[in-house]
Amino acid sequence: MKKIFIALMGVMSIVAVANAQKKTSGAIQFENTIDPAAMASASGIQLTDQMKARMPSSSKTNFELLFTATNASYMPVEETEDSNGAGGGGGGMGRMMMRFGGGGGNREYYYTFADKSLVEVFDLNDTTYYMPSKLTLSTSGPIGSFRMGGGNPNDTTKAKPVAPTIEVVKTDSTKQILGFTCHQAIVRSTRPIKILDMDKNVVEETKIWYTKDLGFDFSPNPNMWTEGAVLAIEGRGNSSIAKSIEYRNVSSKDVTAPKKAKLITAEEYKTKMENMMKRFRQNRPGGGGQIRAFGMN
């Protein structure tokens, strides 16, 4: 009888260890939604009916977070689909919003939990780069990475955009996401702009829902993080929400950045993007409106 009891205890211990190991690795599926017209409106941009017609009403992308006890990777799992299709140029605009808007697109993110560091991996001009970064709260605001306007891009007499004032408000609101209790933090961005020679303040609010129950720090948008593991980000015209979780074994290779990528700093990346957009504007027929992409803060 004693031997049977000892054997049962041994089996239970093995099961307990297996379950503990199982909880430290797995996969979380996220769904990202972008409505470019709503994002532009929230940022104080006035769009013509023609511009709205060429924009997709919404586009969705699925992402997967693979995590272990020490590391994680976050990357798209399928192509972006928009509700208007690719007709009329809408699909192209949707892809541009994803690529230049930050926190997604064709990028891959590799996280190291110990120091909240990460590397972004992406292709640019037929070269694969990796860019060191950190989980942080962007100083440019929720939608500060995308702006659209008109006029002469070489006009140096115009005042440069003023950095927004960022305020983080922690609330008592909670909600359940994937069975985890998530707490709400509101990121409020106030930015002065000039529209038709009138000064006004544009206030944007983004809701961040985070949990500390997963035991690691993460955000589907590395520039939109306050604490814990973020399972939902809700802004005007854009959202990123965790849809499912599966605990399973994850290989260390799946959460390790590729070693063959070329190092690029944030400053070098910003310069490359500015040069690309300058060439894009110069090559546009008529030299009309302009699109500015500020990939980094």
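Each value in this text was obtained by applying a stated rule to the coordinates, not by laboratory testing. Keep in mind that what you see is a predicted model, and the values were worked out from it rather than measured. Neighbour counts run over all protein chains shown; Cβ positions are idealised from the backbone, glycine included.
Annotations
- Simple label model, 7 Å out from Cα along Cβ direction - Asn201 to Asp172, nm: 2.6 nm
- Once backbone amide H atoms are built at 1.01 Å from N, Ile177 has Cys182 as its partners under 5 Å, excluding neighbours fewer than 5 places away on the same chain.
- In this Cβ point-charge picture (+1 for Lys and Arg, -1 for Asp and Glu), segment 195-268 has a dipole of about 540 debye about its Cα centre.
- Inter-label distance for Ala53 and Thr165, nm, one decimal - labels placed 7 Å from Cα along Cα-to-Cβ: 4.1 nm
- Between segment 230-245 and segment 176-223, the Cα center-to-center distance that results, in Å: 10 Å
- Calculated FRET efficiency, Leu124 to Thr70, Cβ-Cβ distance, R0 = 35 Å: about 0.75 to the nearest 0.05.
- Label zone of Lys278 (point 7 Å out along Cα→Cβ, amide N under 19 Å): in segment 119-141 this covers 125.
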